[in-house]
Amino acid sequence: MDLIGRGTELEAVERLLAEARAGQSGALAIRGEAGAGKTALLEHARSVAVRSGFRVETSVGLVAEMQFAFGAVHQLIKPLLGRLDALPDPQQSALQVAFGQRAGAAPDRFLVGLAALTLLAEAAEERPLLCIVDDAQWLDEASAQVLAFVARRVSAEEVALVLSVRDPTDDGDLSRGHRRGGGR
Ligand SMILES: Nc1ncnc2c1ncn2[C@@H]1O[C@H](COP(=O)(O)OP(=O)(O)OP(=O)(O)O)[C@@H](O)[C@H]1O
Ligand SMILES: [Mg+2]
């Protein structure tokens, strides 16, 4: 789909991808009201990335899953769990406990963040990686913390993160559900 009037945003996305390909990781947040075109921009980022050889992993914040700790991180890195062996033991077990693959007390979020970062960096050694997080306003709290940590810490890997956040409406209520269509 051709996006109308989004030259600046498209440039920012393309710059982020070019920098990631050159080994300079970065993150970009797209903010806007319902229907402003955030998901459309993310989909554009996905196709540009795929065309230029990126692997793309995705996570979407869901109102129905806001209570499930680490649910959104699980969505994002589940396809990378085959590389779990590459992680130091404490990170491995933190992630396994977080994802219910191993019994244990609620894991240290710092360790889960490090584990996610390590897995993403490992994957990006093969080919550049784009992480897409749509509707970040609905991330479960644990995932929001972990993904914010990852976004701050990615540096010299070929990793790009793009996330969208819906601006609150005037009544401040973000939980009424996903409105579709509408103006731009
Ligand atoms: N720049 C654009 N040019 C043409 N059509 C667009 C553009 N941006 C968005 N659209 C269209 O507008 C509609 C709403 O866009 P989109 O779903 O991306 O909004 P959103 O910001 O993700 O909304 P929400 O907060 O509800 O998730 C879609 O049908 C999309 O294809
Ligand atoms: Mg959307």
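Tabulated data for the structure shown
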{"item": "Test: residue in segment 92-106 that is within 16 Å of ligand 1 (Cβ to nearest atom) and either touching a His at 6+ places or on another chain (Cβ under 6 Å) or part of a helix (DSSP H, G or I) (or both)", "result": "no"}
{"item": "Members of segment 85-114 that are among the hydrophobic types (A, V, I, L, M, F, W, C), open to solvent by less than 90 Å² (accessible area, probe 1.4 Å), at pLDDT 95 or above and under 17 Å from residue 150 (Cβ atoms)", "result": "87, 94, 95, 98, 99, 111, 112, 114"}
{"item": "Residue selected from segment 51-71 under the condition farther than 22 Å from residue 168 by Cβ and more than 16 Å from the chain's Cα centre (by Cα), by the criterion surrounded by the most Cβ atoms within 10 Å (Cβ to Cβ)", "result": "52"}
{"item": "Condition met for residue 45 (over 20 Å from residue 156 (Cα atoms) and either surrounded by fewer than 15 Cβ atoms within 10 Å (Cβ to Cβ) or touching a Lys or Arg at 6+ places or on another chain (Cβ under 7 Å) (or both))", "result": "no"}
{"item": "Residues satisfying the stated conditions in segment 18-55, i.e. assigned to a helix (DSSP H, G or I), within 16 Å of ligand 1 (Cβ to nearest atom) and either charged (D, E, K, R) or at positive phi (or both)", "result": "38, 43, 46"}
{"item": "Any hit, segment 22-36, residues being over 18 Å from residue 151 (Cα atoms), more than 16 Å from ligand 2 (Cβ to nearest atom) and open to solvent by less than 30 Å² (accessible area, probe 1.4 Å)", "result": "no"}
{"item": "Breaking point among (1) more than 30 Å from residue 100 (Cβ to Cβ); (2) touching a residue at least 12 places away in the same chain (Cβ under 8 Å); (3) among the basic types (Lys, Arg); (4) not in a strand (DSSP E or B), for residue 15", "result": "(2)"}
{"item": "Residues located in segment 116-148, provided they are open to solvent by 20 Å² or more (accessible area, probe 1.4 Å), more than 16 Å from ligand 1 (Cβ to nearest atom) and in a helix (DSSP H, G or I)", "result": "117, 118, 121, 122, 125, 126, 141, 144, 145, 148"}
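So that you can scan it fast, the table gives a plain yes or no per residue for (1) free of Cβ contacts under 8 Å to residues at least 60 places away in the same chain; (2) closer than 18 Å to residue 56 by Cβ:
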residue: 79; (1), (2): yes, yes
residue: 102; (1), (2): yes, no
residue: 123; (1), (2): no, yes
residue: 145; (1), (2): yes, no
residue: 155; (1), (2): no, no
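The values are calculated or read from the model by the stated rules, or taken from the named source; none is laboratory data. Here the structure is a predicted model, which is why all the values come from computation and not from measurement. A quick note on method: Cβ atoms are made from the backbone with ideal geometry, for glycine too, and the neighbour counts reach across all protein chains shown. All accessible areas refer to the heavy atoms of the entire protein, side chains included, with ligands and DNA or RNA removed. Shrake-Rupley method; radii C 1.70, N 1.55, O 1.52, S 1.80 Å.
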